[in-house]
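Trainee: The structure under discussion is supplied below as structure tokens; questions concerning it will follow.
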Amino acid sequence: MKLATTTGDFYGYTHSQTKALEHIRAAGFKYADYNFGGDYRDRTGVYSDDYKHFFGEVAEAAEKIGIKLVQAHSPMGKPLVDDGGVFIADTIRCVEACGYWGIPNLVVHSGYIHGLTPEETFAQNKLFFMPILREAEKYGVNILVENFNKMHHEGLYWIDNATDLLRQIEVVDHPLFHAVWDAGHANMQEMPQDEELRLLGSHVRALHIQDNMENADTHLVPFLGTMNLDAVMNGLLDIGYDGYFTFEVGGFFTPANKRRKYERETRLAGAPLALKDAFERYLCDLGRVVLETYGVYEE
């Protein structure tokens, strides 16, 4: 397996996706996941007026610094809310970008609405995914549904486990519709991860590797939470997974707005970029050790 991480690692430090790619490459990563969330929040990048020019800028920058874009994550939104098709159009823009950059896998979250039964939830999500898949057919881009973090809300059905992912894949029934496995979200469930991975089998086309303490989706560095990496690795080996081992870690540092305030001085309100770069190098080293321990590390 080859190591990758997300451009979202540096969202708090730069709003430039190409600058994020530079920092990721400097840390040792050769492969990256493009997170469209920053573009979506700022309405920049792929959502700018001159977005096709931006496609070219990213492709040129990636080639120049020697990093390959191998998967992507569409923005978070409300897929099942009737907004006149605006969010579907925004997601389709991500498909177009993936087609331009040669990215084979795009993660797109499913949605939910209070009061829907499980089968209604699967059916409504199919209506959301189908126009996106029709666009994906033009480029051969896989659309990957994710097991999201476990939530407990009365009257709400949320697709957060392997059984539900498999059911959603069966309902959509499209050759380009598969799954991304989020190991941190799975850590909040009861079923061992190797069993869940075997249930999904060849539908697992990408990974989000992150950790937590089971009670909140904190996206910690592996080994800082309770996730069992042996279970994850054995499950991946059992299904013959040969994709990228992609980190989605945001929990290097507690965000400034979560810590105690001190109005007189703010120089250390956020961890300096130099420390972030050091932790990014550590993350790359950690991933290499994990994969080398199981004899599956690839350059």
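For (1) surrounded by fewer than 18 Cβ atoms within 10 Å (Cβ to Cβ); (2) basic (Lys, Arg); (3) farther than 18 Å from GLU190 by Cα, each residue gets a yes or a no:
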site: ASP217; (1), (2), (3): no, no, no
site: LEU224; (1), (2), (3): yes, no, yes
site: ASP230; (1), (2), (3): yes, no, no
site: MET233; (1), (2), (3): no, no, no
site: TYR241; (1), (2), (3): no, no, yes
site: PHE245; (1), (2), (3): no, no, yes
site: GLU248; (1), (2), (3): no, no, yes
site: LYS258; (1), (2), (3): yes, yes, yes
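Trainee: Right, something else. Among the listed residues ALA271, ALA216, ALA231, identify the single one that is in contact with a helix residue (DSSP H, G or I) (Cβ under 6 Å, 6 or more places away or on another chain) and more than 26 Å from PRO104 (Cα to Cα). Full working, then the answer.
Mentor: Values: ALA271 fails: in contact with a helix residue (DSSP H, G or I) (Cβ under 6 Å, 6 or more places away or on another chain); ALA216 fails: in contact with a helix residue (DSSP H, G or I) (Cβ under 6 Å, 6 or more places away or on another chain).
Among ALA271, ALA216, ALA231, only ALA231 is in contact with a helix residue (DSSP H, G or I) (Cβ under 6 Å, 6 or more places away or on another chain) and more than 26 Å from PRO104 (Cα to Cα).
Trainee: Could you grab me the full set of residues in the range 110-144 that are within 24 Å of LYS68 (Cβ to Cβ) and not in a helix (DSSP H, G or I)? Spell out how you get there, then give the answer.
Mentor: Here is the first cut: in the range 110-144, the residues within 24 Å of LYS68 (Cβ to Cβ) are 132, 135-144.
If the condition is that a residue be within 24 Å of LYS68 (Cβ to Cβ) and not in a helix (DSSP H, G or I), then GLY140, VAL141, ASN142, ILE143, LEU144 are the ones that fit.
Trainee: Could you go through the range 177-190 and let me know if any residue there is closer than 16 Å to ALA162 by Cα, in contact with a strand residue (DSSP E or B) (Cβ under 8 Å, 6 or more places away or on another chain) and part of a loop (DSSP other than H, G, I, E, B).
Mentor: As a first pass, look at the range 177-190 and keep what is closer than 16 Å to ALA162 by Cα: 177-190.
Now drop any that are not in contact with a strand residue (DSSP E or B) (Cβ under 8 Å, 6 or more places away or on another chain), which leaves 177-185, 187.
Now narrow it down to the ones that are part of a loop (DSSP other than H, G, I, E, B): 187.
Checked against the condition, which is being closer than 16 Å to ALA162 by Cα, in contact with a strand residue (DSSP E or B) (Cβ under 8 Å, 6 or more places away or on another chain) and part of a loop (DSSP other than H, G, I, E, B), the range 177-190 yields at least one hit.
Trainee: Could you list, in sequence order, the residues of the range 134-168 that are in contact with a Phe, Trp or Tyr (Cβ under 6 Å, 6 or more places away or on another chain), among the hydrophobic types (A, V, I, L, M, F, W, C) and modelled with pLDDT of 95 or more?
Mentor: ILE143
Trainee: If I filter the range 183-191 for residues that are surrounded by 15 or more Cβ atoms within 10 Å (Cβ to Cβ), under 23 Å from ALA136 (Cα atoms), free of Cβ contacts under 8 Å to residues at least 40 places away in the same chain and out of contact with any Leu (no Cβ under 7 Å at 6 or more places or on another chain), do I get at least one hit? I'd like the intermediate steps shown before the answer.
Mentor: Residues of the range 183-191 that are surrounded by 15 or more Cβ atoms within 10 Å (Cβ to Cβ), as a first pass: 183-189.
Those still in the list that are under 23 Å from ALA136 (Cα atoms) too: none.
Within the range 183-191 (the criterion being surrounded by 15 or more Cβ atoms within 10 Å (Cβ to Cβ), under 23 Å from ALA136 (Cα atoms), free of Cβ contacts under 8 Å to residues at least 40 places away in the same chain and out of contact with any Leu (no Cβ under 7 Å at 6 or more places or on another chain)), the answer is no, since none of the residues qualifies.
Trainee: What are the residue pairs meeting all of these: first residue in the range 106-128, first residue free of Cβ contacts under 8 Å to residues at least 12 places away in the same chain, second residue polar (S, T, N, Q), Cβ atoms under 7 Å, and 6 or more apart or on different chains?
Mentor: Final answer for the pair search is none.
Trainee: If ILE113 meets every condition in (1) touching a Ser or Thr at 6+ places or on another chain (Cβ under 8 Å); (2) crowded, with 20+ Cβ neighbours inside 10 Å apart from one, which number is that one?
Mentor: For ILE113, the exception is condition (2).
Trainee: Of the numbered conditions (1) part of a loop (DSSP other than H, G, I, E, B); (2) out of contact with any Ser or Thr (no Cβ under 8 Å at 6 or more places or on another chain); (3) exposed (fewer than 13 other Cβ atoms within 10 Å of the Cβ), GLY270 fails exactly one; give the number of that condition.
Mentor: Here GLY270 clears every test but (3).
Trainee: Something else about it: So which residues in the range 217-240 are in a loop (DSSP other than H, G, I, E, B) and more than 17 Å from the chain's Cα centre (by Cα)?
Mentor: PHE223, LEU224, GLY225, THR226, MET227, ASN228, ILE239, GLY240
Trainee: Oh, and also: What are the pairs with Cβ atoms under 7 angstrom where one residue, in the range 162-173, is surrounded by fewer than 18 Cβ atoms within 10 Å (Cβ to Cβ) and the other, located anywhere, is among the small types (Gly, Ala, Ser) and assigned to a helix (DSSP H, G or I)? Sequence gap at least six, or different chains.
Mentor: Partner pairs satisfying both residue conditions: VAL171/ALA123.
Trainee: Further question: Those residues that are surrounded by 14 or more Cβ atoms within 10 Å (Cβ to Cβ) and not in a loop (DSSP other than H, G, I, E, B), I need them from the range 283-299; list them, please. Spell out the reasoning first.
Mentor: Residues of the range 283-299 that are surrounded by 14 or more Cβ atoms within 10 Å (Cβ to Cβ), as a first pass: 283-284, 286-288, 290-291, 294, 296-297.
Listed by number, the residues that qualify are LEU283, CYS284, LEU286, GLY287, ARG288, VAL290, LEU291.
Trainee: For PHE223, are the conditions met, namely being under 19 Å from ALA179 (Cα atoms) and in contact (Cβ under 8 Å) with a residue 60 or more places away in the chain? Let's see the steps before the verdict.
Mentor: Values: under 19 Å from ALA179 (Cα atoms): no; in contact (Cβ under 8 Å) with a residue 60 or more places away in the chain: yes.
Answer is no for this residue.
The values are calculated or read from the model by the stated rules, or taken from the named source; none is laboratory data. Please read these numbers as outputs of a predicted model, since none were measured by experiment. Positions of Cβ are generated from backbone atoms using ideal geometry, with glycine treated the same way; all protein chains shown enter the neighbour counts.
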